[in-house]
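Only one structure is covered here, and it is reproduced in the block below.
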Amino acid sequence: MPRLGLIFGDQLNENHAVLDCLDPESDCLLMGELAEETGYVWHHGKKVAMILAAMRHRAEMLRQAGWAVLYHKFDGGSACKTFTDLVARALDDRDFDEVLLSWPGEWRVLEEARTWEKKFSKPVTVLPDTRFVSSLEEFERWAGGRKQLRMEYFYRQMRRRTALLMDGDKPRGGQWNYDRDNRKRWRGDPAAARPMRFAPDKTTQEVLRLVAEQMDTFGTLEDFDLPVTRGQAQQALAHFVRSALPNFGDFQDAMADDEDWLFHSRLSFSLNLGLLDPIDVCQAAEKALDEGHAPINAVEGFIRQVIGWREYVRGIYWMKMPEYAEMNELDSQQSLPDWYWTGDTRMRCLAKTIDATRRNAYAHHIQRLMVTGNFALIFGVLPKEICEWYLAVYADAYDWVELPNTLGMVMHADGGLLGSKPYAASGKYIQRMSNYCKQCPYKVADTLGEEACPFNALYWDFLDRNRERLRGNNRMGMMYKNLDRMDGSRLQDIRGRASWIRKNAGSL
Ligand code: FAD
Ligand code: DLZ
Ligand code: SF4
């Protein structure tokens, strides 16, 4: 009897484990646009449109390759809303012997799939997710028995294993990590790279109409230009290597008031949909180094993000879920200010980052970490609320990657499992790395007074509130030395200003 292979909307990779196991002559594939998935958070419209358009294109390619694909198109009125409904329908229509799927990108979907064997009285096989370099078993083996997990050491293992940027068993160029060279401020020269834009074809236009007419989504659908096929994603990769990679390293931490992308790759959308393979992406970057087109600090910095951070956060997610999602080590309890959704704040750095987010379903890493993330950390937003925001607003966001980045890297809610210290910073950091402050009504040099930059009082207050928990962290020694030097009455005033900011967050 035939078998049924479920393909999730973010697993559009050619090397999908289900395709390797099934036979196009006898078996069937199943894909579905589902109300539960398009609506479990208030997703950005461009995220939903990108996923649905990519799914439709992929289904068509699979059909052309000879597969029978059962495809459920979105219909708001349909009773088929969840993956369980989708599989139930397929099994009602035809007697399949077995259901196969690949390990999903979200814990809640895995939990749902775990109910199927009993529900449908059929064998359900979960195969590995081949969108990653490292398997979950390899990560657990690496992590097992270590007292402290650090991305840098996992990354070195990945370098050795993939032979990327290696001269035999030594790192190419003599150093594993060139991060110190990657902290330049950008002052307009060289000109920022322009990302490659893809005009929506007929299929994508149909999806854009569907999203506009039938769904309630965040942000704007205007100027949709995201890659939705493997061919387009490969063009975007080649374009990045040619036009932005040479400067990726130098300006990796920079931000600019009127530039949405600077030299970032914008490849996370396609990597996370399975339209690009992480090894192909890293090899393309290393080739640019071989050919003298890009320097080592750029290429190493980029490869570290892909085989280091991307793989590492996924390993942590699956090793620590479901408890991970509940953690709140710093006891952050504030509600997320409404302007995170509207961008309606006078704080220039936040208004511009959120504006870019609304337009593009994208903000680059430093905006996510040091602007929206840093503010949420020092303001003390409830991890659940800020995690939901990040999961909704970015087109590359799925639980496996968003949660460790937000809850761990930004909010330090896992007590330092993911990152060794919280990335708390005052307005001074934002001033040093961007030109936002020049156009902001708040004064970045001031901590007290109505016009003082809110980041400043919140930063000192954050250190003060978390003194017990963080003072022993040797990477925060200097911060606490500075706090200790502060005069008691000034600290009292700062606490007052921080408390005022929290009470009046809506009007900042
Ligand atoms: P580039 O700067 O060009 O980096 C190259 C690639 O490296 C990215 O495409 C991405 O695949 C990978 N990468 C870089 N940093 C990370 C990281 N910390 N974790 C995982 N992969 C990384 N990334 C997501 O893909 N999805 C998310 O939902 C997501 N949420 C985040 C939430 C917060 C609070 C923070 C601080 C970071 C988050 N990131 C997330 C990581 C990072 O910001 C994005 O991967 C990056 O901004 C995507 O843009 P890019 O493709 O231009 O990246
Ligand atoms: C994020 C998302 C959205 C918006 N829509 C769909 C969908 O309609 N169908 C689908 O199969 N997947 C979708 N996804 C991705 C899922 O929410 C989920 O993250 C992955 O299926 C887990 O691998
Ligand atoms: Fe942001 Fe403060 Fe600078 Fe304004 S002054 S842009 S709020 S860091």
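The values are calculated or read from the model by the stated rules, or taken from the named source; none is laboratory data. These numbers were taken from a predicted model, which means no experiment stands behind them. Positions of Cβ are backbone-derived with ideal geometry, glycine not excepted, and every protein chain shown enters the neighbour counts. Surface areas here come from the heavy atoms of the whole protein model, side chains and all, with no ligands, DNA or RNA. Shrake-Rupley method; radii C 1.70, N 1.55, O 1.52, S 1.80 Å.
Points worth noting:
- Note on segment 90-206: enclosed helices (runs of 4 or more DSSP H) holding 3 or more residues that are open to solvent by 60 Å² or more (accessible area, probe 1.4 Å) are 116-120, 136-143, 151-162.
- Candidate set from segment 358-409 (those that are among the acidic types (Asp, Glu) and in contact with a Ser or Thr (Cβ under 7 Å, 6 or more places away or on another chain)); member that is most open to solvent (accessible area, probe 1.4 Å): GLU385
Here's the yes/no breakdown for (1) within 10 Å of ligand 2 (Cβ to nearest atom); (2) buried (at least 16 other Cβ atoms within 10 Å of the Cβ):
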{"position": "CYS21", "(1), (2)": "no, no"}
{"position": "MET31", "(1), (2)": "yes, yes"}
{"position": "VAL48", "(1), (2)": "yes, yes"}
{"position": "ALA53", "(1), (2)": "no, yes"}
{"position": "HIS72", "(1), (2)": "yes, yes"}
{"position": "ALA79", "(1), (2)": "no, no"}
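- LYS438 in contact with an Asp or Glu (Cβ under 9 Å, 6 or more places away or on another chain) and open to solvent by 40 Å² or more (accessible area, probe 1.4 Å): yes
- ASN13 meets each of the listed conditions (1) under 25 Å from LEU403 (Cβ atoms); (2) assigned to a helix (DSSP H, G or I); (3) not hydroxyl-bearing (Ser, Thr, Tyr) apart from (2).
- Qualifying residue in segment 14-36 (condition: outside the structural domain of VAL393 (by TED's automatic domain parsing) and within 16 Å of ligand 1 (Cβ to nearest atom)): no
- Per-region count, segment 83-97, residues under 19 Å from ALA59 (Cβ atoms) and in contact (Cβ under 8 Å) with a residue 40 or more places away in the chain: 7
- Candidates in segment 107-155 are the residues that are charged (D, E, K, R) and either within 16 Å of ligand 2 (Cβ to nearest atom) or touching a strand residue (DSSP E or B) at 6+ places or on another chain (Cβ under 9 Å) (or both); of these, the one that is farthest from THR84 (Cα to Cα) is ARG131.
- Pair list, Cβ under 6 Å, 6 or more apart: segment 356-378 residue assigned by TED's automatic domain parsing to the domain that holds TYR429, other residue among the basic types (Lys, Arg) and in a helix (DSSP H, G or I): ALA361/LYS46; ALA361/LYS47
- Selection from segment 461-492 of residues that are surrounded by 20 or more Cβ atoms within 10 Å (Cβ to Cβ) and closer than 17 Å to LYS503 by Cα: ASP461, PHE462
- Each residue in segment 342-357 was checked for being more than 16 Å from ligand 1 (Cβ to nearest atom), open to solvent by 10 Å² or more (accessible area, probe 1.4 Å), of a type outside the set (Lys, Arg) and in contact with a Phe, Trp or Tyr (Cβ under 7 Å, 6 or more places away or on another chain), and 1 pass.
- Within segment 416-435, restricting attention to residues that are assigned to a helix (DSSP H, G or I) and open to solvent by less than 40 Å² (accessible area, probe 1.4 Å), the residue that is nearest to ARG187 (Cα to Cα) is MET433.
- Taken over segment 477-508, residues that are among the basic types (Lys, Arg) and either part of a loop (DSSP other than H, G, I, E, B) or at positive phi (or both) amount to 1.
- If you filter segment 322-341 down to residues that are of a type outside the set (Ser, Thr, Tyr) and crowded, with 19+ Cβ neighbours inside 10 Å, you find that the one that is nearest to THR130 (Cα to Cα) is LEU330.
- Residue within segment 347-359 that is more than 19 Å from the chain's Cα centre (by Cα) and more than 16 Å from ligand 3 (Cβ to nearest atom) present: no
- For the residues ALA413, ALA457, the requirement of being part of a helix (DSSP H, G or I), in contact with a helix residue (DSSP H, G or I) (Cβ under 8 Å, 6 or more places away or on another chain) and not assigned by TED's automatic domain parsing to the domain that holds ARG150 singles out ALA457.
- Residue match in segment 201-210 (condition: in contact with a strand residue (DSSP E or B) (Cβ under 8 Å, 6 or more places away or on another chain), among the β-branched types (Val, Ile, Thr) and modelled with pLDDT of 95 or more): no
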